[in-house]
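The values are calculated or read from the model by the stated rules, or taken from the named source; none is laboratory data. What you see is a predicted model, and the numbers here were worked out from it, not measured in a lab. Neighbour counts are summed over all protein chains in view; Cβ atoms, including those assigned to glycine, are modelled from backbone coordinates with ideal geometry.
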Amino acid sequence: MNYHSIRHEIVTELEIKKSRFITWVSPICSQAEAEQIIAAARQRWPGATHYCFAWIIKEPVMERCSDDGEPSGTAGLPILTTLKKRGLENIVAVVVRYFGGTLLGASGLIRAYADSVRNALDQADIVKYEEGLLIRLVIEYPDLGLIQHRFLFSPEVVVESINYLEQVEISALLSLANWDKWEKEITELTSGRGQYHIIEKRTVAV
C-alpha cells in the first residue's frame, strides 16, 4: 500500500479580514483517528465559530468533509479539494475559524479555507509511505560497528530501540521493497551470526 501524506502533524494560522483561520493537518490511518483529531480540535480551540474539516483514507477508500455551519460548499469541499490536488491520502485537515466580524462572501470563504490548507501543506514534510517491516535483529558485540555504519545509520532504516544485553538487540523499521537487500547485507556483515525475526508489517515513510 503506497501513498503520499505528511510525516508529522502541523498547525498554522492565517488572519483574513480579522477572522483567524487555524489549520491542523495530521497523518492518519483510520476514520477513528480522523474523528479523534476533529474532536481534539474543538477542545484545543474552544469557542470558535466553525470547525470545518476534510479527511481521506486510502484503504478502504473513504473521504468526508464538513462545512460545520458555513454556507454549503464553501469550507469542507475546498479543504478536501486542496488535499486531493496535492495527491495526499491518509490525512485529515481541520480549519478552525474565529469570526472577526467581516463577512467574506461565498467566493471569499472558498479562497480562505483553501489558502489555509495550502499554507499548512507548504510548510509540511510531504513523504511517500510504503509497506514496511518491523524486525528484531540480534547480533554479537564484535559485529556492532559494521552494523551501525552500514545498517543503523542508513536513511532507509528507522531504529526503534537498541538494548545492550548479553547480545545487542535492535528493533528497526524498513521498507518491504528493500528487505531482500538488507537480509543479504545483515548476513554478510555478521558473517551469518546475526539473527533476525520479522515482528509485524507496518507502513514506513521513505
When the residues of the stretch 24-66 are narrowed to those that are within 14 Å of the chain's Cα centre (by Cα), farther than 22 Å from residue 119 by Cα and in contact (Cβ under 8 Å) with a residue 40 or more places away in the chain, which ends up surrounded by the most Cβ atoms within 10 Å (Cβ to Cβ)?
58
How many residues, within the stretch 131-157, are at pLDDT below 90 and farther than 14 Å from residue 185 by Cα?
1
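Out of the stretch 134-143, which residues are surrounded by fewer than 20 Cβ atoms within 10 Å (Cβ to Cβ) and either among the acidic types (Asp, Glu) or touching a residue at least 12 places away in the same chain (Cβ under 8 Å) (or both)? Reasoning before the result, please.
First, the residues of the stretch 134-143 that are surrounded by fewer than 20 Cβ atoms within 10 Å (Cβ to Cβ): 134, 136, 138, 140-143.
Correct list: 134, 136, 138, 140, 141, 143.
Checking the condition surrounded by fewer than 19 Cβ atoms within 10 Å (Cβ to Cβ) and touching a residue at least 40 places away in the same chain (Cβ under 8 Å), which residue from 113, 98 passes?
Details: 113 fails: surrounded by fewer than 19 Cβ atoms within 10 Å (Cβ to Cβ).
After ruling out the rest, the residue left standing is 98.
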Among residues of the stretch 168-196, those that are in a strand (DSSP E or B) and either at positive phi or without any contact (Cβ under 8 Å) to a residue 60 or more places away in the chain (or both), counted
9
Being assigned to a helix (DSSP H, G or I) and farther than 16 Å from residue 95 by Cβ narrows it down to one of 59, 33, so name that one.
33
Failed item in (1) more than 24 Å from residue 47 (Cα to Cα); (2) surrounded by 15 or more Cβ atoms within 10 Å (Cβ to Cβ), with residue 84 passing the rest:
(2)
Tell me which residues, restricted to the stretch 186-200, are surrounded by fewer than 18 Cβ atoms within 10 Å (Cβ to Cβ) and in contact with an Asp or Glu (Cβ under 6 Å, 6 or more places away or on another chain).
193
Residue count, the stretch 75-118 (criterion: closer than 10 Å to residue 16 by Cα and either under 17 Å from the mean Cα position of the chain (by Cα) or not assigned by TED's automatic domain parsing to the domain that holds residue 59 (or both)):
0
